[in-house]
1. Using the structure shown, decide if A:L109 is within 14 Å of chain B (Cβ to nearest Cβ) and either without any contact (Cβ under 8 Å) to a residue 60 or more places away in the chain or in a helix (DSSP H, G or I) (or both).
2. Among the residues of segment A:252-272, count how many are at the interface with another protein chain (Cβ under 9 Å from one of its Cβ atoms) and either farther than 14 Å from A:I232 by Cα or surrounded by 20 or more Cβ atoms within 10 Å (Cβ to Cβ) (or both).
3. Kindly establish whether A:L211 is more than 18 Å from B:L109 (Cβ to Cβ) and either open to solvent by less than 40 Å² (accessible area, probe 1.4 Å) or within 13 Å of another protein chain (Cβ to nearest Cβ) (or both).
4. Say whether the condition of being closer than 18 Å to B:E219 by Cα, touching a Phe, Trp or Tyr at 6+ places or on another chain (Cβ under 9 Å) and either at pLDDT below 80 or not in a loop (DSSP other than H, G, I, E, B) (or both) is met by at least one residue in segment B:39-54.
5. Looking at segment B:35-73 only, could you name the residues that are open to solvent by 40 Å² or more (accessible area, probe 1.4 Å) and either under 17 Å from B:L252 (Cα atoms) or without any contact (Cβ under 8 Å) to a residue 40 or more places away in the chain (or both)?
6. Spot the failing condition for B:V184; the list is (1) touching a residue at least 24 places away in the same chain (Cβ under 8 Å); (2) within 14 Å of chain A (Cβ to nearest Cβ), and only one is missed.
7. Given the residues A:G229, A:G242, which is the only one that is within 14 Å of chain B (Cβ to nearest Cβ), surrounded by 17 or more Cβ atoms within 10 Å (Cβ to Cβ) and in contact with an Asp or Glu (Cβ under 7 Å, 6 or more places away or on another chain)?
Amino acid sequence: MSWWNKLAIRILLAALTIAAGGFLSTTLARYAPGFGSDERQLDSRFNQESREAFRLESVAERDVTTYYVKALRRMVHGDFGWSRTLRRPVRELLAERGAVTLHLVSAGLILAWTAAILLVVATWLAGSGVIDIVCATGSGLLLCLPAGGLALLLVVLDGPAYLALALVVLPKTYQYLSGLVQSTAQMPHITTARSKGASASRTLAWHVVPLIRREILALAGATVGMAVGAAIPVEALSGTPGIGQLAWQSTLGRDVPVLTSVSMLVIACTVLGNTGADLLADEPRGTS
Amino acid sequence: MKTLRRIALAVVSTIAILSIVGSALPGFDYTQQDRLHISAGPSTDHWLGTDAVGRDRLGRILHGTRLSLTLAPAAAGLSLLLAFLFGAAPGFVGGYSERAAKTVIDLMLSIPWLFLLLMVRCLLPLNTSPIVSAMITFLMLGLLGWGVPARILMARSRALRESEFVLQARAMGVSRRRLLSVHVAPNLCPVLMAQFWIALPVFILAEANLSLLGLGVAEPLPSLGSLLREMEGVLSIRGDLCCFAALAVSLLVVGSLQVAFHHNEVN
């Protein structure tokens, strides 16, 4: 199969996954125990007629397929619905906050990856078990803290929010990269290269990295989803006005249209991140 | 590694015993309020002090740990059951069912389930009781967290399907159902155990994250996450008291991960 066919299949699969993910989130929302209960129905300032209208609104959303198809059709035309709690079109909210989250996630990912690569390279070049143990213990401890806990700690210490995000991604990235490098280092040709006098840096750059390139790209794709997921507690607790904070606010306000759109957007980001990484790892012959 | 595993098991067991026994003692009721000692420091009556409404912190930490240690294993068990059904069984059967299951697993893996969890959590009825909210939170974790173990189980059962002893059993006329239950399932047990110990800290951390956002276990029921949330207000004043919940989470996670890594090495 040619690379272009693979590309087309991957794009099609990505689109199907996004649509299926959206359907799954809508179905979950529909079958959640409190679906259809609107606190406006308990608000005594609204008269009977208004409360009946609110009830009918939720009844109209009971058929999942119809509701999802309608929502999808609206989304294709750029209409993401109306936020009941923030009283603004969801599209505007996503555009505004998307930029903030993009900045936060990018900064966090860049910092985490830079730190992880530097630590792995330092451990490799030093060849000392002590650095490895220190790094493994540090990453193990970071792995034990919830993302929200890290965000809270940085709020107390006046640290930037992207640092919390980087600290969430760093331990997993470091542990995986370190494991990959260590397992590759045990391969016979690497041992031969070292025994013939190739320097540690040359062995890493010319013999180890090309072998694990695909795995690194796959990990890069996976860390996008990880960072986007961690953005909810980090943004909510650090007061960063991004998509994560929007998701949290709409959850507290039971704002389903916003949550559905945010879920679709996040699923799209994660799927596209993974697909992009897969495509880069599967690049056409002659380009590498 | 064996020593590390023993230490980890000892840590997890000690925490579990302390939380179960301690929370059953009369002085550690998580709802009891001492209105004369609001936000008090450690004393003989309250070893770790009291919170903003006069509730004993130690009692709440013990009850919160017990809750996590009761519901997180249940959620991990549920996710492993689903992983077995959607991963191990199709992986062993092969063909179209394997391909279909792989697509579903890929879908589950590409969805950031914290968002789905938020969505379900936001739609809980307003009058949901704290214990029901806790159970639903962990139930959702179990229902959404089976993607990774399913993929691992699928790979393992596929390898077993192609193994010589299974081929021989098949050649001898052993039915597929018997093969799965008698020959394959016991061989999957070490992988299942490892995945169980990996899922446990993941679910504890997920609950902690949700509770930190005020969307996990509802008050007055304590959970490790809601106790960590209290750090926000008091960390700068009396961080030593509030770090106990963080310590409990960390110890549980470290313990579980060590056990899991040991299982992975065995496999």
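1. Here the answer is no, as A:L109 does not meet what is asked.
2. 13
3. No: the conditions fail for A:L211.
4. Among the residues of segment B:39-54, not one is closer than 18 Å to B:E219 by Cα, touching a Phe, Trp or Tyr at 6+ places or on another chain (Cβ under 9 Å) and either at pLDDT below 80 or not in a loop (DSSP other than H, G, I, E, B) (or both), which makes the answer no.
5. Within segment B:35-73, B:R35, B:L36, B:H37, B:I38, B:S43, B:T44, B:D45, B:W47, B:V53, B:R66, B:T70 meet the criteria.
6. (2)
7. Of the residues listed, the single one that is within 14 Å of chain B (Cβ to nearest Cβ), surrounded by 17 or more Cβ atoms within 10 Å (Cβ to Cβ) and in contact with an Asp or Glu (Cβ under 7 Å, 6 or more places away or on another chain) is A:G242.
Residues checked against (1) open to solvent by 40 Å² or more (accessible area, probe 1.4 Å); (2) hydroxyl-bearing (S, T, Y):
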position: A:A115; (1), (2): no, no
position: A:A122; (1), (2): yes, no
position: A:V130; (1), (2): yes, no
position: A:A136; (1), (2): yes, no
position: A:A147; (1), (2): no, no
position: A:L157; (1), (2): yes, no
position: A:A161; (1), (2): no, no
position: A:Y174; (1), (2): no, yes
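The values are calculated or read from the model by the stated rules, or taken from the named source; none is laboratory data. Only a predicted model underlies this, so the values are computations on that prediction, with no experimental measurement involved. Methodologically, a virtual Cβ is constructed for each residue, glycine included, from the backbone with ideal geometry; neighbour enumeration extends over all protein chains shown. With ligands, DNA and RNA removed, areas are computed over all heavy atoms of the protein, side chains included. Shrake-Rupley method; radii C 1.70, N 1.55, O 1.52, S 1.80 Å.
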